[in-house]
Amino acid sequence: MQSGELGGSLDALRTALQASGVVGTWAWIVSCDRVVLDEAAAAIIAGDAELANRELTLDEAKARRHPEDRGWVFDRLKRLGETGGLLVAEYRVVTPTGQERWILDRGRVERDPATGVMRGHGMLIDVTESRVTDRPYVAIGPETACAVERAVEHCMAARALVMEESPHLRLLLDMALLDLGRQLGKAEGARRHKTLN
């Protein structure tokens with residue numbers, strides 16, 4: 001394959017990822033209330049892609065959250081920042097054009113063993129088209145990671161390592177995260193649907 005073909009393939013892959021719902025990633029340093037978003041996450045949940053890779057407050061980072069979801073999500077995030085654990089949440093954001101979108105926010109907060117600082121990281125996926133119910137949802141819990149969740153953690157760690165050095169590898173990891181996120185979303189949706197019936 002020639003480099004021109006590879007570039008075209010990667011452009012097509014980027015387009016497919018954007019169309020398939022990958023929104024982005026976040027990192028949170030709890031003790032100083034600072035969040036760092038990648039470009040896609042900054043665009044949809046902070047409302048400005050220019051805020052990518054900057055330290056933002058939690059309020060700034062989640063500025064586009066739907067007003068009806070803002071209070072309860074912030075309350076649960078604050079609790080998660082104190083206790084650590086797994087986060088799986090679905091909530092609404094309002095885009096700069098006024099469109100309402102549903103976001104699956106999946107991550108983990110844990111204490112850094114070396115520094116004692118609580119840190120979190122996770123990913124965001126637009127699940128608007130695959131929603132089963134109109135109710136927001138959040139689950140915060142202890143470490144009970146299944147194989148797919150562990151795979152997400154490893155992909156997130158690999159993505160952080162290659163973030164600036166290899167956009168091509170980052171894109172491939174984004175594809176893996178998309179598929180893993182969809183599997184987590186389907187499993188969570190099925191679990192919630194089962195408890196609603």
Discussion item. Can you confirm whether ASP174 is modelled with pLDDT of 75 or more, touching a Leu at 6+ places or on another chain (Cβ under 6 Å) and assigned to a helix (DSSP H, G or I)?
Written reply: yes
Discussion item. Looking only at region 35-57, count every residue that is surrounded by fewer than 20 Cβ atoms within 10 Å (Cβ to Cβ), touching a helix residue (DSSP H, G or I) at 6+ places or on another chain (Cβ under 7 Å) and within 13 Å of VAL23 (Cβ to Cβ) and tell me the total.
Written reply: 3
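Yes/no matrix, rows are residues, columns are (1) crowded, with 16+ Cβ neighbours inside 10 Å; (2) more than 16 Å from ILE44 (Cα to Cα); (3) not β-branched (Val, Ile, Thr):
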| site | (1), (2), (3) |
| --- | --- |
| ASP59 | no, no, yes |
| ARG65 | yes, no, yes |
| ASP69 | yes, no, yes |
| PHE74 | no, yes, yes |
| LYS78 | no, yes, yes |
| LEU86 | yes, yes, yes |
| VAL93 | yes, no, no |
| PRO96 | no, no, yes |
| GLU100 | no, no, yes |
Discussion item. Yes or no: region 108-128 includes at least one residue that is within 18 Å of ALA89 (Cα to Cα), at pLDDT 85 or above and out of contact with any Phe, Trp or Tyr (no Cβ under 9 Å at 6 or more places or on another chain).
Written reply: yes
Worksheet item: If you go through region 94-110 one residue at a time, how many are over 26 Å from VAL148 (Cα atoms) and of a type in the set (A, V, I, L, M, F, W, C)?
Response: 1
Fill in: The listed residue being closer than 30 Å to GLU68 by Cβ, surrounded by fewer than 16 Cβ atoms within 10 Å (Cβ to Cβ) and at pLDDT below 75, out of ARG150, ARG182, ARG135
ARG135
Item to complete: Mind telling me which of the residues ARG79, ARG119 ends up being farther than 24 Å from ASN53 by Cβ, touching a residue at least 40 places away in the same chain (Cβ under 8 Å) and not aliphatic (A, V, I, L, M)?
Response: ARG79
Worksheet item: Is there a residue being closer than 21 Å to GLU110 by Cβ and modelled with pLDDT of 70 or more anywhere in region 185-194?
Response: no
Worksheet item: TRP102 fails exactly one of the following numbered conditions: (1) at pLDDT below 85; (2) part of a strand (DSSP E or B). What is the number of that condition?
Response: (1)
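The values are calculated or read from the model by the stated rules, or taken from the named source; none is laboratory data. Keep in mind that this is a model prediction, so the values were computed, not measured. Here Cβ is always computed from backbone atoms with ideal geometry, including for glycine, and neighbour counts include all displayed protein chains.
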